1. For q = 0.11, 0.18 Å⁻¹, what log10 I(q)/I(0) does segment 267-357 give under the Debye formula with an equal point scatterer on each alpha carbon and no solvent?
2. Compare the peptides 100-109, 26-35 by average per-residue count of other Cβ atoms within 10 angstrom and give them in order, highest first.
3. For helix 257-266, what angle does its Cα long axis make with the longest principal axis of the chain, in degrees from 0 to 90 and rounded to 10?
4. Starting from the Cα coordinates of segment 143-290, work out the convex hull volume and express it per residue in Å³.
5. How big is Rg to Rh over segment 304-366, alpha-carbon atoms, Rh as the Kirkwood inverse-mean-distance radius?
6. Calculate log10 I(q)/I(0) of the chain for q = 0.11, 0.13, 0.15 Å⁻¹, where I(q) comes from the Debye formula with a single equal point scatterer on each Cα and nothing for solvent.
7. Arrange the residues S178, S354 by how much accessible surface each exposes, largest first, with a 1.4 angstrom probe.
8. Please compute the length gained on full extension between W180 and R222, using 0.36 nm multiplied by the number of residues separating them and subtracting their Cα-Cα distance.
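The values are calculated or read from the model by the stated rules, or taken from the named source; none is laboratory data. Here the structure is a predicted model, which is why all the values come from computation and not from measurement. Counting neighbours? That spans all protein chains shown, and the Cβs are built from the backbone with ideal geometry, glycine included. Accessible surface areas use protein heavy atoms only, side chains included; no ligands, DNA or RNA. Shrake-Rupley method; radii C 1.70, N 1.55, O 1.52, S 1.80 Å.
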Amino acid sequence: MKEIVSRETDEYYMKRALSLAARGMGTTSPNPMVGCVLVRDSRIIGEGYHQRCGGDHAEIKALKDASSRGEDVQGATAYVTLEPCCHFGRTPPCAQRLVEEGITRVVAATSDPNPKVKGGGLAVLREAGIEVSFPCLEAEARWLNRGFIRVQMLGRPWVTLKAAVSLDGRMALSNGESKWITGPEARTEAHQLRASHDAVLVGVGTVLKDNPELTVRHVDGRSPRRVILDSYLRTPPDVKAVTGEGGCLILTVSRDEEKISSLQSAGATVICLPADREGHVDLSAAMSCLAQEGILSLMVEGGPRVLTAFMKKGLCDWLSLFVAPKVMGEGSGLGMGMYFTSVAEALTLKNLQSRSIGSDLLIEGRFACSPDL
């Protein structure tokens, strides 16, 4: 007798699949995060998630899990957070494997934006007589893989701008001092944000002024790749961002072979890119470069000038703004160098949310200029 399922039932198991998929955060890039749950007779018989690029996909993990439990997957339903792939990449296609294993129903959260898949996986399933239910919790699934979707659709990572400001919007005093605007709890939260991104970017000015490590500390998590915007290669080879474990990417327009050789010997990867009209690294080219490097999500922690450059270009999706209960007076601030002739032209945020972090406030939202997922 065919099992009767409801929308609520499908969403229940898909939520479990999404929670599994999220476990792959920071380790699957440039692949998406995917979870899979196998259900038969109202019981989970296998589950898994994609853990690392080149490793088993979520569907294969779930099938292996079911086998280890001694479960027969014939006639089961597969809940998958992303359309099963239908092409040979680093691993064989999952759609065909589900067919071969005797899965009779597949519930997919969303389609795969990768042109090599994009509906092809669902077509393989339907042609084999498998019942396909699609979509299910699509908004949640696309948000989870917003970086992957950005790269596939726009050829650039998902970009988060992070800044700490005073109540009057200052990021630094007029003498340049900026440590510490926010309290320890906010700084710990900022490290958690770093750990959720594939890469963190600063300008060379921040490197020269603060010599930051740009690593994850105070919290559990993987340190992101470090990226320095340095148009004229002013980065000293002995700074922490270069000599730290894993090295860093330096994006430049300079072709000074002596400086490049020195930085590369210290552990950096130097990539020469086109210049914009002002002679600086073209940000659009930089974002394309990072996408090609397998970076799906980027947190920009640079000073006011770097943050402003991203906003001017519209290359920003999300803002994480830590606000300290202080008035700092004269100094540099977020948006410095941007000029509008009317309030209607100003950049705005949507999906606004806020919460207290110690004595500070974290305000987050999506830039209205950020394209839909």
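1. With one equal scatterer per Cα and no solvent, log10 I(q)/I(0) is -0.44, -1.07.
2. Highest-to-lowest ranking by the protection proxy: 26-35, 100-109.
3. Relative to the chain, helix 257-266 is tipped by roughly 60 degrees.
4. 143 Å³
5. Taking Rh as the inverse mean 1/r over Cα pairs, Rg/Rh reads 0.98.
6. Debye curve over Cα of the chain, log10 I(q)/I(0) at q = 0.11, 0.13, 0.15 Å⁻¹: -0.83, -1.04, -1.24.
7. On the way: S178 35, S354 80 Å².
Largest accessible area first, the residues go S354, S178.
8. Between W180 and R222, full extension yields an extra 12.7 nm.
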